[in-house]
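Remarks on the structure that follows.
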Amino acid sequence: MRPVLFIVLAFFITSCGQDNYAKYAPVYNKVTMDEVPDYTNLSNWAAHPAKNDPSDSVPRPLINSYQPAQLVDVFFLHPTSYLDSSKPYGWNASLKDTKTNIYTDYSSILNQASVFNEVGEIYAPRYRQAHIQAYYPITAADSVNAITAFELAYLDIKNAFEFYLKNLNKGRPIIIASHSQGSTHAIRLLKEYFDEKPLSKKLVAAYVVGMAINPEAYKQLKACTQPEATGCILAWRTYLEGYMPPFVQKESFKSIVTNPVSWDIGKQSMDRFSNDGAVLYKFNKVTQHVAGAINHEGILWTKKPQFLGSFLFKTKNYHVADYNFYYLSIRKNAASRVHAYFNNNKTAAD
């Protein structure tokens, strides 16, 4: 993640600014939040089947075809929403931070977690996420604080996942989904709980988006290579065609990269007309032919996206739109993988 992203963030993530704060703050402020999250408390979940939350939302053009199967569980880890610019800021978000909670719910939970609501029950824990600056330490002290912040954030996620496994999962198949900081933690969660572990048999797929993933980090888990492959990892980081970020050039490995239009390792370049549809700054609108997808050296390229007002979109880094650009394609792919998972397991049982 890079600071320039926040120049265009509000353009893509709808209903997450001051208007939303004014609208929802009275409700959120009435909720009792635990500083050390107690996951028996629904308030400590940004999304949960037992509550109404933005992950239940469906873009209006999809409502007539919406047929929720709820066949699996989706454990979703949201990206960084703790962006407090006041100094000194805390290195970890407080769960009592109303603005951060509202921002989380009406940005990533609405625009990303909702992708999966046709195939499963969505669980998205609140966690004491690391501040955005933890990705950009300046001093040695900053580096220590950043490491400590990520460790605390992961501890919350680990506790949430263990609570979920013990009390909520009931043996159902699982999709792991995440973005940005959520993916930083998902990479570790997959290693600790799925790689060469019995739980890997319950993994439909892991959509670990927005961060580099070293394919050598896992012994059993591999990158998905086909549209209906299961028990594997999907990942991409989206940039303008021709742009190779300096930090990517310095990476010591070539990251896993999945084409979120073809989903096929044999089809690594797809134009924007093959894209099923994007959800941009208006959640209730599906926009066609916005972005293509080209696998390139551990990242995903697209030609300049095409949508109303795209001439204002100057950045070459499309991190904030990793899900938005390919919303409908991801939605359909998740359904395909869930269907394949059950077919494969039925065949194995037979």
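Before moving on, here are some points about what is shown:
- Per residue, the stretch 154-220 exposes an accessible area of 38 Å² to a 1.4 Å probe, with every protein chain left in place.
- Eligible lysines near residue 254 by straight Cα distance, threshold 16 Å, same-chain separation 8 or greater: 222
- Under Karplus coefficients 6.51, -1.76 and 1.60, residue-wise ³J(HN,Hα) of the stretch 258-273 in Hz, glycine/proline x: 10, 7, x, 10, 8, 6, 10, 4, x, 10, 8, 9, 10, 7, 5, 6
- Gyration tensor (alpha-carbon) shape descriptor, the stretch 128-265, a/c threshold 1.5: oblate
- Put simply, the amide H of residue 179, placed in the peptide plane, has neighbours under 5 Å in 77, 209, leaving out anything fewer than 5 places away on its chain.
- A Förster distance of 35 Å, applied to the separation of the beta-carbon atoms of residue 69 and residue 264, puts the FRET efficiency at 0.90.
- Loop-resident sites, the stretch 261-350, for trypsin sites (Lys or Arg not before Pro), counting at most 12 other Cβ within 10 Å (DSSP): 314
- Each of residue 87 and residue 304 was given a label point 7 Å from its Cα along the Cα-to-Cβ line. The distance between the two points is 3.6 nm.
- Fraction of accessible area attributable to carbon and sulfur, the stretch 106-255 (%, probe 1.4 Å): 55
- The stretch 228-350, relative contact order [Cα under 8 Å, separation at least 6], %: 32
- For the stretch 100-149: accessible area per residue (Å², 1.4 Å): 28
- 17 Å Cα-Cα reach of residue 170 towards aspartates and glutamates, excluding residues that sit fewer than 8 places from it in its own chain: 73, 121, 162
- Residue by residue, the stretch 218-225 carries 3J(HN,Hα) couplings of 10, 8, 9, 5, 10, 5, 6, 10 Hz when phi is fed to the Karplus relation 6.51 cos²θ - 1.76 cosθ + 1.60 (θ = phi - 60°); x denotes Gly or Pro.
- Using θ = phi - 60° and Karplus 6.51 cos²θ - 1.76 cosθ + 1.60, couplings along the stretch 178-189 (whole Hz; Gly, Pro as x): 6, 8, 6, 4, x, 6, 3, 7, 5, 4, 6, 4
- Computed over the chain, the alpha-carbon pair-distance distribution with 20 angstrom bins reads 31, 62, 6, 0, each value a whole percent.
The values are calculated or read from the model by the stated rules, or taken from the named source; none is laboratory data. Just so we're clear, the structure is a prediction, and the values are computed from it rather than from any experiment. So basically every Cβ, Gly included, is an ideal-geometry build from the backbone, and we count neighbours across all protein chains shown. Surface accessibility is based on the protein's heavy atoms, side chains included, excluding ligands, DNA and RNA. Shrake-Rupley method; radii C 1.70, N 1.55, O 1.52, S 1.80 Å.
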